[in-house]
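The values are calculated or read from the model by the stated rules, or taken from the named source; none is laboratory data. From a predicted model like this one, the values you see are computed outputs, not experimental measurements. All Cβ positions, even for glycine, are placed from backbone atoms using ideal geometry, and neighbour counts span all protein chains on display.
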Amino acid sequence: MSFIRLEGVSAGFDSTVVVNGVDLAIERGTVCGFTGDNGSGKTTLLHTIALLLRPMQGRLLIDGEPVEDAEPFRSKIAVVLQHPYMFRGSVLDNVELGLKVRGVGALQRRQKAQAALELVGMAELSTRPAKALSGGETKRVGLAMALCLEPEILILDEPTENLDHPTRELVARIIAELPATSGVTIITATHDKALLKKARADIWRLENGRVERDVGLNIFTGDVSAEDLTTFRGEKFTISATGLMADTHMVEIDPVDVILSREPVASSARNKLEGRVIGVEECGDSLSLRVTLDCGEPVAALVTRRSWEELGLEVGQTAVATFKATAVKPL
């Protein structure tokens with residue numbers, strides 16, 4: 001039985017349907033990510049699962065129970081909005097507030113709040129007025145406010161937006177580790193594809209209010225060579241690219257742009273990575289397959305079912321992923 005289940009859920013505002021007929025199952029202790037263009041319905045769907053919006057049609061179930069009255073379920077859920085609101089008082093006062101409302105004693109809530117601030121790297125700013133924080137600092141304090149409540153479900157709206165690279169990496173690491181360390185189920189709407197990869201998220205794409213599984217992109221972290229802005233050094237391999245800046249730390253490659261072959265192909269493409277086939281999965285249209293190679297890091301190619309059959313490859317065999325430098329896009 002899935003922990004969270006949406007059955008034919010439509011949601012929106014007034015008479016305008018933004019999310020239409022969503023069927024979705026989310027397992028306990030996993031990360032679920034919603035992607036899509038602005039206006040696609042990500043935030044509306046997120047707010048519906050967070051019980052901030054009531055479905056127009058369909059039903060939402062949590063732990064097998066239909067959510068007819070939101071109140072009994074609210075203590076299971078913590079929400080960090082895209083722009084968290086800070087109350088007057090110190091950072092520590094704000095993080096303690098939710099625990100205070102729940103009747104937690106002063107000593108215990110102080111300990112929980114300090115631990116949460118330590119986790120998000122904000123312990124040194126605990127006495128600073130919360131209203132004086134920068135946007136990135138406010139986002140981290142909002143995350144601490146949610147974490148100290150020890151929720152079963154953590155809802156995050158664009159958790160890494162407007163963060164500098166080191167802070168973005170810190171927040172991504174926290175989100176990636178939380179399900180294993182606390183058992184929390186995380187649901188996020190984000191444009192940050194690297195975050196979703198790091199968290200091994202189950203990714204769903206929204207388009208015109210409809211939800212479909214996202215085949216995903218190849219996301220790699222690393223640094224640009226100081227001597228050559230066309231060379232990107234990843235954690236496990238180096239690739240050629242175009243249009244990189246000195247401060248590029250992440251790149252993406254669409255699986256559509258990756259050519260799969262048994263042997264290196266004669267081509268002008270400058271990137272040829274050899275690896276072992278570790279996964280083959282059907283995409284939404286059933287005519288395409290996402291084939292993943294272990295090239296030190298997973299590299300995926302999107303191929304037609306016919307092409308896969310002609311290659312005659314099997315899981316465990318060696319293949320080559322080829323792609324042009326122009327296919328490597330900075331993030």
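Before moving on, here are some points about what is shown:
- Condition met for THR181 (out of contact with any strand residue (DSSP E or B) (no Cβ under 8 Å at 6 or more places or on another chain), of a type in the set (Ser, Thr, Tyr) and either under 23 Å from TRP308 (Cβ atoms) or outside any strand (DSSP E or B) (or both)): yes
- Candidates LEU143, LEU119, LEU92: the one that is in the same structural domain as GLU169 (by TED's automatic domain parsing), touching a Lys or Arg at 6+ places or on another chain (Cβ under 9 Å) and crowded, with 17+ Cβ neighbours inside 10 Å is LEU92.
- If you go through the range 9-53 and keep only what is part of a loop (DSSP other than H, G, I, E, B), among the small types (Gly, Ala, Ser) and without any contact (Cβ under 8 Å) to a residue 24 or more places away in the chain, you end up with SER15, GLY39.
- Members of the range 264-298 found to be touching a residue at least 24 places away in the same chain (Cβ under 8 Å) and closer than 16 Å to LYS324 by Cα, listed by number: PRO264, VAL265, SER267, SER268, ALA269, ARG270, ASN271, LYS272, LEU273, GLU274
- The listed residues are GLU252, GLU274, GLU263, and the only one of them that is assigned to a strand (DSSP E or B), over 26 Å from ASP214 (Cβ atoms), outside the structural domain of LYS198 (by TED's automatic domain parsing) and of a type in the set (Asp, Glu) turns out to be GLU274.
Let's see how each residue does on (1) surrounded by 20 or more Cβ atoms within 10 Å (Cβ to Cβ); (2) out of contact with any Leu (no Cβ under 8 Å at 6 or more places or on another chain); (3) of a type outside the set (S, T, N, Q):
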site: ALA11; (1), (2), (3): yes, no, yes
site: ARG28; (1), (2), (3): no, yes, yes
site: GLY33; (1), (2), (3): yes, no, yes
site: GLY39; (1), (2), (3): no, yes, yes
site: GLU96; (1), (2), (3): yes, yes, yes
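Residue-by-condition table, conditions (1) in a helix (DSSP H, G or I); (2) among the small types (Gly, Ala, Ser); (3) modelled with pLDDT under 95:
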{"position": "LEU117", "(1), (2), (3)": "yes, no, no"}
{"position": "LYS139", "(1), (2), (3)": "yes, no, yes"}
{"position": "LEU170", "(1), (2), (3)": "yes, no, yes"}
{"position": "THR188", "(1), (2), (3)": "no, no, no"}
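- Test result for GLU309, in the same structural domain as GLU263 (by TED's automatic domain parsing), more than 26 Å from THR231 (Cβ to Cβ) and of a type in the set (Asp, Glu): yes
- Residue match in the range 59-70 (condition: within 23 Å of GLY183 (Cβ to Cβ), out of contact with any Lys or Arg (no Cβ under 6 Å at 6 or more places or on another chain), in contact (Cβ under 8 Å) with a residue 40 or more places away in the chain and surrounded by 16 or more Cβ atoms within 10 Å (Cβ to Cβ)): yes
- The range 299-324 residues that are part of a helix (DSSP H, G or I), paired with ones that are among the aromatic types (Phe, Trp, Tyr) (beta carbon under 8 Å, 6 or more apart): none
- Some residue of the range 75-82 being in a helix (DSSP H, G or I) and β-branched (Val, Ile, Thr): no
- Failed condition for SER267, given (1) out of contact with any helix residue (DSSP H, G or I) (no Cβ under 7 Å at 6 or more places or on another chain); (2) within 30 Å of GLU169 (Cβ to Cβ); (3) hydroxyl-bearing (Ser, Thr, Tyr): (2)
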